[in-house]
Structure formats: C-alpha cells, structure tokens
Amino acid sequence: MTKTKKQEWNSNLAFMMAMIGSAVGLGNIWRFPNVLYSNGGGSFMIPYIVSLFLLGISFVLVEYAVGFKFKRSIARILFSIHQKLEPIAWFILLIVFLITTYYVCVVGWDLIYIVLSITKAWGSNPDLYFANNVLHATDSLSGLFSIVPNVLVSVFLIWLFACLILRRDLNDGIGRVSQILLPLLCLIVLGIVIFSLTLPGASIGYMQIFTPDWSALGDLNVWLAAFGQIVFSLSLGMAIAMTYASYLPEGSKLVDNALVVAFSNSGFEVFNSIGIFSILGFMAVTSGIPFNELVSEGTGLAFVVFPQVFNTMGSAGSIVAPLFFLCILFAGITSVIALLEGVCYSISEKFLIERKKTATVVCIIGFLISVIFTTNAGSTILGIFDAFLNNFALVFAVFLECIIFGWIYKFDDLIAILNDNSSIQVGKTWKIVIKYILPICILGLWIQGAYTTITTADTISLSIMGLLTVILIVVPLIFAKMTARNKDYYKV
Ligand code: PFF
C-alpha cells in the first residue's frame with residue numbers, strides 16, 4: 001500500500017484559482033510595468049499579445065496535457081517517457097526550489113514593509129532606508145556572516161506559512177488559500193487603480209501605456225522582452241501547471257481552462273500597470289522628477305519609488321501604502337506555494353514520503369538556504385542567483401521541455417487529450433508552434449540572457465554562478481540515481 005494519497009481538486013474553481021494564483025506574482029506587479037515602458041509603451045502590447053497566444057498559451061497547454069495524461073509528478077513523467085530523462089526533471093525542480101529560496105526573501109521584505117508603511121517609517125529618504133535600515137546591505141561578500149534579524153524573522157514567517165499550507169490536503173490548503181487570497185488581491189488592486197486614476201497627473205502616467213512607439217516593433221530585443229515576460233509571468237516550465245493539471249478529475253476542459261488562466265494573468269498585469277503608471281504620473285507632477293527616471297523595476301520600484309510616492313500622498317498614503325504591500329504579499333504567497341508543490345509532489349511520489357513530512361522537510365531546507373539572503377550580503381547574492389537562475393537556467397529548462405514534449409514524446413497523443421472535453425480545439429498549428437517556433441524563440445531568449453548574464457558579471461558573480469552550475473548538475477543526478485521506495489514509480 002502506498003502512503004501517499006491520490007489527490008484531486010474538488011472543483012474546477014479551486015484549480016483555476018490556484019493556477020491564477022501561481023501565475024500572478026511579483027512579476028506581474030513590478031516587472032511588467034517596467035518591461036512595458038522600456039519596450040515601446042503601447043506598441044509593446046503587439047509582441048506581448050503575440051507571445052501570449054503563440055508561445056505562452058501553447059506551452060501552458062503542453063504542461064496541462066502532459067500533467068493530465070500522466071497524473072504523476074514531473075520526475076515520474078520524465079522517467080516514464082525515457083529513463084534517462086529523469087535527471088532533467090530534478091534539474092528543473094532544483095531550479096524552481098532555488099528560485100523559491102530567494103523569492104520568499106523578497107516576499108519577506110514586503111512583509112516588513114507592511115509594518116513600516118503604517119507609520120511610513122522609511123522617512124524622507126526611502127532609498128537609504130531600504131539599503132541601510134532594512135537590508136543592512138553590504139556590496140562585498142564580507143557581510144555574509146552577519147544576519148539581519150528582522151529579515152530573518154519575516155523570511156521565517158513566510159516559510160512557516162507556506163509549510164502550514166502545503167502540509168494540508170490539496171483542497172484544504174492550496175485550494176482554500178487561493179480562493180481567499182486571490183479575490184482579496186483583485187479587490188485591493190481594483191481599489192488602488194480607481195484611487196490612482198483620481199490623482200492629479202494620473203493621465204501623464206497611464207497615457208504612456210497607450211502611446212505607442214511603433215519603431216520598437218522592428219527591434220528583436222522588444223520581441224524577446226515580450227516573450228521573456230510571458231515565460232516569467234505565466235511561470236512557464238516550472239512544472240506548476242503540470243502538477244496542478246495532474247490533480248484534475250476526468251472530463252476537465254483543459255483548453256478552456258488554460259485560456260481563462262492566461263487571460264486572467266495578463267489582464268491582471270495590464271490592469272495593475274494602469275494603477276502603477278498613474279501613481280508614477282502623480283509623482284512626476286508633484287515632485288518634478290521626469291517620468292522616465294521614476295520607472296524602475298523590482299525592489300527599486302516597490303521599496304524605493306513607491307514609498308517616495310506614499311510620502312507625497314499625505315494621509316491617503318497611510319491607507320494606500322499598507323494595501324499596496326499587502327497586494328505583493330498575497331500575490332507572492334500564492335506563487336511560493338505553487339512553486340513548492342511540484343517539488344514536494346516529486347519527492348513524495350518517488351520516496352513514498354507522506355505529504356506533511358515532505359512539505360516540512362522541503363520548507364526547512366528551503367528556509368536554511370534562504371538564511372543566506374537574510375545576511376548583510378543577502379541582497380547582492382540574491383541578485384546573482386536571480387540573474388543566473390532566471391535568465392540562464394530556467395530558460396534552458398523550458399527549452400529542454402520543448403524538445404522533450406515536442407520531439408521525444410508522442411506529441412499527437414497530447415492533441416487528443418486536450419481536445420477531448422474542451423469547447424476550443426487545438427490542431428496542427430499548435431504542433432508546429434511547439435515543435436519549431438517555440439524552441440527557436442526560447443533559444444533566442446536563452447542566448448540573449450546568457451550573453452547579458454555573463455558579460456555583466458564580475459568575478460564574485462561568476463564564481464557563485466559556477467558553483468550553482470555544479471550544484472545543478474550534481475544534485476539532480478544524485479536524485480535520479482537514488483532508488484525509488486515507491487515500486488509503482490518504475491512502472492512506465
Ligand atoms: N509568475 C509568478 C510571478 O510572476 O512572480 C511566479 C514566478 C515566476 C516566480 C518566475 C518566480 C519566477 F522565477
């Protein structure tokens with residue numbers, strides 16, 4: 001008898017909310033506005049929509065079909081396709097796990113900012129406050145041995161929360177949390193966007209989204225940026241959609257589901273950027289700082305520019321600020337849980353360890369790795385991890401998945417599975433996209449990412465990246481070599 005219980009979503013809504021929750025994350029809130037702005041504003045929507053349909057939805061469909069057909073973890077799926085492919089599954093899962101270790105840390109910083117925002121504790125210089133009072137950042141690795149207690153505590157709390165959710169049964173944990181946090185997130189974003197549109201100068205901001213720079217369309221980098229955003233935003237290739245789809249009951253409408261998830265995710269990020277740009281437009285008018293100097297991405301936008309804006313909003317800032325950081329927290333947590341579910345599922349299925357135990361062990365190890373990012377050198381190392389894992393390793397993993405499912409696996413089976421119960425059908429075009437167009441585009445993205453990562457890295461970064469490369473090769477090989485305790489694991 002197996003100790004691991006077969007899991008299934010108790011409703012289509014639970015699955016969809018979990019899927020949308022996994023996709024909507026930090027990337028939607030702070031990555032998209034900057035990518036949009038730096039790649040032609042309004043005209044960026046063309047490569048973005050093309051990438052969404054041609055590449056994003058196409059790849060989500062692959063993950064759905066594979067997960068749904070096999071109803072297994074990615075490690076066992078790849079083993080079933082060909083024994084030699086199992087290390088690739090552990091390679092993908094290790095990338096996902098390592099990304100989670102620093103993603104949690106950024107969510108942890110956000111947790112600190114929810115508290116700080118009540119009194120706007122960052123004062124008149126949020127830039128310095130973030131570096132000196134929150135991160136206690138040092139540029140060199142010398143800060144590696146001193147931990148920042150506040151960051152450690154908040155990172156611990158995020159891991160603890162993720163662990164408590166993952167330990168629960170699928171519907172009781174991930175299903176329920178997504179169905180609570182996602183509507184709350186949408187409600188808050190709706191409130192913030194409506195409020196932002198009433199601010200003086202809002203139109204200066206949001207008009208940027210609707211003012212196209214048509215010449216940008218001829219730039220290959222703009223197309224790659226659109227594609228990169230879709231990969232990041234839809235969490236492609238991270239085994240999330242595959243894992244969640246494997247818990248679907250028979251008769252599910254896969255294509256219809258995938259479309260709803262992809263449109264909701266993109267709709268969220270476009271709608272959210274109207275608010276972000278309006279707020280930045282307001283800041284440009286009140287502070288006199290040119291708009292283009294205000295648009296930054298990532299932590300710079302969330303923890304520096306936005307606190308500056310909240311300072312100029314008076315008492316309204318004290319309400320909008322905690323809500324803004326709460327949004328990031330909700331979006332981040334649902335993504336963290338999704339990232340970890342695929343990792344836990346593979347471990348639990350191969351080694352026959354029950355869900356609760358797997359979640360606890362994975363979260364404890366994850367937390368211990370995250371401790372590195374809570375040191376004075378944490379933000380520097382986090383930047384190196386992010387550049388390497390996202391631009392380089394993850395895109396490579398997506399490329400491998402395209403080759404495996406497009407070329408090695410019997411692709412036509414997937415078409416039949418997708419069309420079985422769906423109102424919208426896929427056909428030959430989809431096959432061409434997956435077999436030819438997608439791998440070429442991903443390879444382009446990978447070459448660009450690898451080039452930027454390597455040419456901009458200093459010696460310390462290169463050493464850390466070298467170390468990560470070794471880990472990403474050795475650990476998956478060990479996991480694949482280890483004998484499964486689950487005897488069914490080897491049944492192809
Ligand atoms: N799609 C989510 C986001 O946009 O934040 C989750 C995610 C994607 C997390 C990619 C991490 C990552 F590297």
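Observations, loosely collected:
- Within the stretch 301-354, being among the small types (Gly, Ala, Ser), surrounded by fewer than 19 Cβ atoms within 10 Å (Cβ to Cβ) and either in contact (Cβ under 8 Å) with a residue 12 or more places away in the chain or within 16 Å of the ligand (Cβ to nearest atom) (or both) holds for 316, 317, 318.
- Residue, surrounded by the fewest Cβ atoms within 10 Å (Cβ to Cβ), within the stretch 154-174, restricted to residues that are out of contact with any Ser or Thr (no Cβ under 9 Å at 6 or more places or on another chain) and among the aliphatic types (A, V, I, L, M): 160
- Test: residue in the stretch 79-98 that is within 22 Å of the chain's Cα centre (by Cα) and of a type outside the set (A, V, I, L, M, F, W, C): no
- Annotation note: of 269, 250, 293, the sole residue that is among the acidic types (Asp, Glu) and in contact (Cβ under 8 Å) with a residue 40 or more places away in the chain is 269.
- Note on the stretch 175-274: enclosed helices (runs of 4 or more DSSP H) holding 1 or more residues that are open to solvent by 30 Å² or more (accessible area, probe 1.4 Å), more than 16 Å from the ligand (Cβ to nearest atom) and among the charged types (D, E, K, R) are 176-197.
- Of all the listed residues (98, 94), the sole one being in contact (Cβ under 8 Å) with a residue 12 or more places away in the chain, surrounded by fewer than 24 Cβ atoms within 10 Å (Cβ to Cβ) and within 13 Å of the ligand (Cβ to nearest atom) is 98.
- Pairing residues of the stretch 392-421 that are touching a residue at least 12 places away in the same chain (Cβ under 8 Å) and more than 28 Å from residue 226 (Cβ to Cβ) with residues that are open to solvent by 10 Å² or more (accessible area, probe 1.4 Å) and of a type in the set (Phe, Trp, Tyr), at Cβ distances under 9 Å and at least 6 apart in sequence or on separate chains, gives 417/68.
- Selection count where residues are under 25 Å from residue 95 (Cα atoms), part of a helix (DSSP H, G or I) and open to solvent by less than 40 Å² (accessible area, probe 1.4 Å), scope the stretch 401-432: 5
- Residue in the stretch 31-45 that is under 15 Å from the mean Cα position of the chain (by Cα), closer than 14 Å to residue 268 by Cα, open to solvent by less than 10 Å² (accessible area, probe 1.4 Å) and within 16 Å of the ligand (Cβ to nearest atom) present: yes
- Search result, residues across the stretch 393-412 that are away from the ligand (no atom under 12 Å from the Cβ) and under 17 Å from the mean Cα position of the chain (by Cα): 396
- Residue 13 more than 16 Å from the ligand (Cβ to nearest atom), at pLDDT 95 or above, among the hydrophobic types (A, V, I, L, M, F, W, C) and open to solvent by less than 30 Å² (accessible area, probe 1.4 Å): no
The values are calculated or read from the model by the stated rules, or taken from the named source; none is laboratory data. Here the structure is a predicted model, which means the values were calculated and not measured. Using ideal geometry, Cβ is built from the backbone for each residue, glycine included, and neighbour counts are taken over all protein chains shown. These accessible areas exclude ligands, DNA and RNA; they are computed on the full protein's heavy atoms, side chains included. Shrake-Rupley method; radii C 1.70, N 1.55, O 1.52, S 1.80 Å.
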